[in-house]
Amino acid sequence: MIVIKNSRLRRVLRIVIPFVIAPLFVIAGTYLFEPKRQAFVALAIAILACVLFIAGFEHKKTGSRRLIITSIFVALSVIGRFIPFFKPTTALTIIAGVYLGGEAGFLTGAFSALISNFYFGQGPWTPFQMLAWGMIGFFAGVFSKFFIKSRFALIIYGVIAGCVFSVIMDVWTVLWYSGTFSKELFLAAVVAALPHTALYSVSNVIFLFLIARPMGEKLTRIKTKYGV
Amino acid sequence: MKGNETFERNNPASVFVYYICVVAPVMFTMNPVIITLSLVGSVFSSFIGQERIGVRFHIYMLILFAIMTAANPIFYHNGETVLFVMNDNPITLEATIYGTVSAAAVISVLYRSRSFTLYMTSDRLLYLFSILSSKAALILTMALRYAPLYARHARRVADAQRAAGLYKERNMIDDIVGGGRVFSATATWALEYGIVTAASMEARGYGVGRRTRYSPYAFKHADIVLTATSLLLLAVIITAGAGGSFDFTFYPRIVAPPATVLTSAAYTAYGILSFLPAILTVIEVVRWKYLMQKI
């Protein structure tokens, strides 16, 4: 699934972002501004990483069916975020990654964060949520063979994904609040977010346990029936 | 009147640039003057600008401000002016001020984010994404259209199942199993429906030949002015910041940077940038009154 169609733009982005723009931001953040504001650099790098991911996708077979199924998953996980307490958003992102590939997983995670934040509020945290959810979906795609074989591994991945998402957001909270990374504040943030982390992990386990198999069967059926 | 109408006639790209320019200085400096300007400007703009921000948001922000101000002196004990001692830990003036400035920075960005969320409706965001990639914009549009559709369909499935006599009593296991059943039915329907959409798109020639694109937003004079003003003001601030004339030391003792021409220029520039939505609203009101007088 090639998202950025212009191949020259894609190639330029793939080279310029990691080798020119990102180092530039790091150097500027270290030397030009007050060294205390690492939050700005972190934010810029998060946005660049999202763009880099999107620019990096290259899948020869780019059918409109795969595109539509990805947007179906985005829509389902956006609705899922409105369910109180137990949210299937991460679980659906993981399923999209496992059965449709890493690109679809990344796009599902990143776009469901973007769209649901129309309701939950956009802000400088949006790029971090996009990156965190996107990477959860991407790595689900990378290890998909493993996860299709063993449901236990998939559920363990769900627990890890819940924790990792929470920790990434805690790092951002600390960076944003105090400008620089501090161990005490980070520990305080992790402890304060502990109920959320537990809730994320538990709902990932529940939803992966309940819907991973049936969704997989549905997707496999659609794939064999229509040849996605 | 709904949402944020300050930039209603502007191109989303130029408004996006403005918001980045106004938030960026707050993210990379801890200078109290800049942060105070940012806080006052964002709160003031939320009152005078035509934004719909509820009272609850203001109260919530006030509570958050108090908590974040208190958090820093409790965890940090640097600084040489001890105010009082709590549980054998000194609470210092410097750490309290640092906490206040940090909290003000976060709150002002939250206010900007709120007004940005009100401005950036889905059609405007789609326009921004279509600049980067038309396929990403397609996925976004589809998802935006599908989300309410699926919610409605899921409700319909649930109603049908209830009418058929399922889950009459409230118990948790039943609710979860029922929810799973509704989800499964909705997902199957969604996938089938999506394939139909894809087939009909292909039949109409999607992905064949060159893409053309329609955009409802033109880049007008006002947008050039807005973009140029934002970038110019940001450039002044960055020039001053890069020279180190913002550097404000909190620990161990508060040391303010000397006031130079460059610093005052940067403060003025950020003041204009921060109050820009309010200024634009006032200009609009004055022009309206003036035109009304002529009639």
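The values are calculated or read from the model by the stated rules, or taken from the named source; none is laboratory data. Since we're looking at a predicted model, the values are computed, not measured. Ideal geometry is used to build each Cβ from the backbone, glycine not excepted, and the neighbour counts take in all protein chains shown. Accessible surface is based on the protein model in full, side chains and every heavy atom, while ligands, DNA and RNA are left aside. Shrake-Rupley method; radii C 1.70, N 1.55, O 1.52, S 1.80 Å.
Condition check ((1) modelled with pLDDT of 80 or more; (2) among the β-branched types (V, I, T)) across all residues:
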| residue | (1), (2) |
| --- | --- |
| B:K2 | no, no |
| B:V15 | yes, yes |
| B:G49 | no, no |
| B:R52 | no, no |
| B:Y60 | yes, no |
| B:T69 | yes, yes |
| B:T81 | no, yes |
| B:V106 | yes, yes |
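Pairs under 7 Å by beta carbon, first residue more than 11 Å from A:G109 (Cα to Cα) and modelled with pLDDT of 90 or more in region A:73-98, partner open to solvent by 10 Å² or more (accessible area, probe 1.4 Å) and among the polar types (S, T, N, Q), six or more apart or different chains?
If the second residue must be open to solvent by 10 Å² or more (accessible area, probe 1.4 Å) and among the polar types (S, T, N, Q), the pairs left are A:V98/A:S144.
Which ones in region B:216-235 are touching a helix residue (DSSP H, G or I) at 6+ places or on another chain (Cβ under 6 Å) and outside any helix (DSSP H, G or I)?
The one that is touching a helix residue (DSSP H, G or I) at 6+ places or on another chain (Cβ under 6 Å) and outside any helix (DSSP H, G or I): B:Y217.
Tell me, please, whether a residue that is open to solvent by 30 Å² or more (accessible area, probe 1.4 Å), out of contact with any strand residue (DSSP E or B) (no Cβ under 8 Å at 6 or more places or on another chain) and part of a helix (DSSP H, G or I) can be found in region A:83-96.
Scanning region A:83-96, I find no residue that is open to solvent by 30 Å² or more (accessible area, probe 1.4 Å), out of contact with any strand residue (DSSP E or B) (no Cβ under 8 Å at 6 or more places or on another chain) and part of a helix (DSSP H, G or I), so the answer is no.
Scan (1) touching a Phe, Trp or Tyr at 6+ places or on another chain (Cβ under 8 Å); (2) closer than 21 Å to A:G123 by Cβ; (3) open to solvent by 30 Å² or more (accessible area, probe 1.4 Å); (4) within 12 Å of chain B (Cβ to nearest Cβ) for the single condition A:E184 breaks and write down its number.
(2)
Mind checking which residues of region B:147-182 are exposed (fewer than 15 other Cβ atoms within 10 Å of the Cβ), in contact with a Gly (Cβ under 8 Å, 6 or more places away or on another chain) and modelled with pLDDT of 85 or more?
Of everything in region B:147-182, nothing turns out to be exposed (fewer than 15 other Cβ atoms within 10 Å of the Cβ), in contact with a Gly (Cβ under 8 Å, 6 or more places away or on another chain) and modelled with pLDDT of 85 or more.
Note down all Cβ pairs under 7 Å where the first residue falls in region B:260-274 and is among the polar types (S, T, N, Q), the second is open to solvent by 40 Å² or more (accessible area, probe 1.4 Å) and not in a helix (DSSP H, G or I), and they're at least six residues apart or on different chains.
none
Just a yes or no: is a residue in region B:126-146 more than 30 Å from A:A55 (Cα to Cα) and open to solvent by 60 Å² or more (accessible area, probe 1.4 Å)?
no
Does B:P90 meet the test of being surrounded by fewer than 18 Cβ atoms within 10 Å (Cβ to Cβ), part of a helix (DSSP H, G or I) and over 16 Å from the mean Cα position of the chain (by Cα)?
No, not satisfied.
I'm checking my understanding of the structure. Among residues of region B:107-147 that are among the β-branched types (V, I, T) and under 12 Å from the mean Cα position of the chain (by Cα), which one is farthest from the other protein chains (Cβ to nearest Cβ)?
Filtering region B:107-147 for residues that are among the β-branched types (V, I, T) and under 12 Å from the mean Cα position of the chain (by Cα), the one farthest from the other protein chains (Cβ to nearest Cβ) comes out as B:I107.
Only residues that are in a loop (DSSP other than H, G, I, E, B) and surrounded by 12 or more Cβ atoms within 10 Å (Cβ to Cβ): list them for region B:188-214, please.
B:Y206, B:G207
For region A:124-168: of the residues being open to solvent by 20 Å² or more (accessible area, probe 1.4 Å) and not in a helix (DSSP H, G or I), which is nearest to A:A212 (Cα to Cα)?
A:S150
Examine region B:3-22 for a residue that is open to solvent by 10 Å² or more (accessible area, probe 1.4 Å), more than 12 Å from chain A (Cβ to nearest Cβ), under 25 Å from B:Y127 (Cα atoms) and not in a loop (DSSP other than H, G, I, E, B), and state whether such a residue exists.
Yes: one or more hits.
So B:E80 fits all but one of (1) open to solvent by 30 Å² or more (accessible area, probe 1.4 Å); (2) outside any loop (DSSP other than H, G, I, E, B); (3) over 23 Å from A:V191 (Cα atoms); (4) not hydroxyl-bearing (S, T, Y); what number is the exception?
Going through (1) open to solvent by 30 Å² or more (accessible area, probe 1.4 Å); (2) outside any loop (DSSP other than H, G, I, E, B); (3) over 23 Å from A:V191 (Cα atoms); (4) not hydroxyl-bearing (S, T, Y) one by one, B:E80 breaks only (2).
Can you spot a residue in region B:255-264 that is of a type outside the set (A, V, I, L, M, F, W, C) and touching a strand residue (DSSP E or B) at 6+ places or on another chain (Cβ under 8 Å)?
no
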